[in-house]
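See below for the structure under consideration.
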């Protein structure tokens, strides 16, 4: 019996989309998306390959869900090396200078500020420089700008006088603290507030060491015996005393006296050759102390203690205090030392955008987030021109400090919010979609500040430093947000900048780097607060510093155009934010009396405004000559016949 003929199969490719194939539903074959996929909000994908397995669709869903990685350039001009007569430093990724370099709006703002500051420096009498208080040269000029307001009771004058006194004070002789006062007042505060945050000592061991130290000097007063590390223990007693004074009596001159004595004995040790575990732990406490202190802190770039931090990390390796402690060594005191050293290394690296001193990590119970912090830093710092934005934000979101000390948990909450703000600001230079993320980070930081000023965590000297750092970063970025805003919300952001500036300079004026920023930030606020701020700054640069615009793509030919056309060229080249720029949280600003921010430099700013408003306006010859006549001091011609003066009509004829 013959077999039935085989049915011929159709080889026409299936033209339905992969989603309809998987669901076995009727597909209308619409492109780019069929009707079913449009209704369900899915990505519609067609395939001409009939042999392709249906599960291939999972690949498309995975990419769609997580998104294609987005890369941003956080260093369009590269990272610079800055130098002054006394020092050289690296422009880190999250430094104020780097933030200004990567944002075109901040670049023109900083350029105009430079023009105004140079004008101000040339306006005061150079013969009066010798009358200025004993302050650094960088601060002498800006103190002169405020000299027109002759009020000896002025807060500005009081702060400048205190800085001058600290710089000119002589170093006091080494002394042993009063034993009763130390044990009754200073040591309990250290145990209660400081030790939980920098627990490098076993408290029983520490108390025993200090008791023996005091006993030896009660029995044999005089020279320090370094065979039993007495100079190191003396430095430790000064640090313990300073923690209390910084918190409750920050203007006590003993703080600086103790710092000077510590420096003296620190340099007398063989710190570049060898060290002991005791010295290493005292250096870590010194690192903590310098974070809290008004006097010898981390400075405006958070790098003033990089040498101390490098010394600590180097000697950790030389003494065997490394990750190897979790493999074949069991030493609790060494582990606690390494944990604290690594925590400081990572914290400062994230705040600065720098490489860490130690680039290795290990998943140990005591440091569960360390590998994530290192992952974030490598993502940002390895190649700042090609930062994986998606990975950076995702890594920050995974950090979890819930099981840590309340202060550590709060501190990293601020650090993460600040890092997100700076990453999102870097993205803002590529796309206006980043504005919403920037505002979300701002809302989070403002909420943290409001809580801090109502109920600060102790020690306040420690938590305040983190608030000061975050407020400064926001004040650096805010002008870029204000200049991008093209709606009625602009004035609200200007008001927010005023409130943050007022709080910043009235809460932290005794930090030297804060006081030094006052003139620049006051200039910036006055510029940004104008209704025509962007046009005003472009006009000043067009007339006085057109090379800045040239570097931003506005050529010399463009600069020769009328002011309105230059503004149009700028707006066409750099994207604007058309959406509303609104914040959900309001800044709680106190009514400060006296108000350092509002009262300082008013006279100098008025003079600068008059000078540069005239320069920014395009005037004809008649207007120019009239200005010359109006500004001439005719007392110089006393004794001359008035008839000899030139007439305006004759000059113009």
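Give me the extension gain from residue 158 to residue 26: residue separation times 0.36 nm, minus the current Cα-Cα distance, reported in nm with one decimal. Working shown, then result.
Working: separation 132, 0.36 × 132 = 47.52 nm, distance 8.18 nm.
Roughly 39.3 nm would be gained on extension.
Work out, step by step, the length gained on full extension between residue 565 and residue 204: first 0.36 nm times the residue separation, then minus their alpha carbon distance; give nm to one decimal.
Taking 0.36 nm per residue and subtracting the Cα distance, the gain is 122.6 nm.
Note down the nm distance, to one decimal, between modelled labels 7 Å out along Cα→Cβ at residue 38 and at residue 492.
Here the modelled spin labels are 3.7 nm apart.
Students often get this wrong: which residues of the stretch 202-232 have the backbone nitrogen under 16 Å from the point 7 angstrom along Cα-to-C-beta of residue 173?
Flagged as within label range: 221-224.
What percent do you get for the relative contact order of the stretch 170-355 when only Cα pairs under 8 Å and 6+ apart count? Don't jump to the answer; show the numbers that get you there.
Details: 123 pairs, mean separation 44.6, N = 186.
Value for the stretch 170-355: 24 percent.
For residue 443 and residue 468 in the same chain, what is the full-extension length gain: residue separation times 0.36 nm, less their Cα-Cα distance, in nm?
Values: separation 25, 0.36 × 25 = 9.00 nm, distance 1.64 nm.
The residue 443-residue 468 span can extend by a further 7.4 nm.
Cut-off 16 Å, label point 7 angstrom out along Cα-to-Cβ of residue 382: give me the residues of the stretch 76-114 whose amide nitrogen falls inside.
Within reach of a label on residue 382: no residues.
Describe numerically, in nm with one decimal, the distance between label points set 7 Å from Cα along Cα→Cβ at residue 211 and at residue 225.
The answer from the label model is 1.8 nm.
None of the figures in this text is laboratory data; all of them are computed from the coordinates on show. All figures in this text were calculated on a predicted structure; none of them were measured in a lab. Quick reminder, even Gly has a Cβ in these numbers, built from the backbone with ideal geometry, and neighbours come from all protein chains shown.
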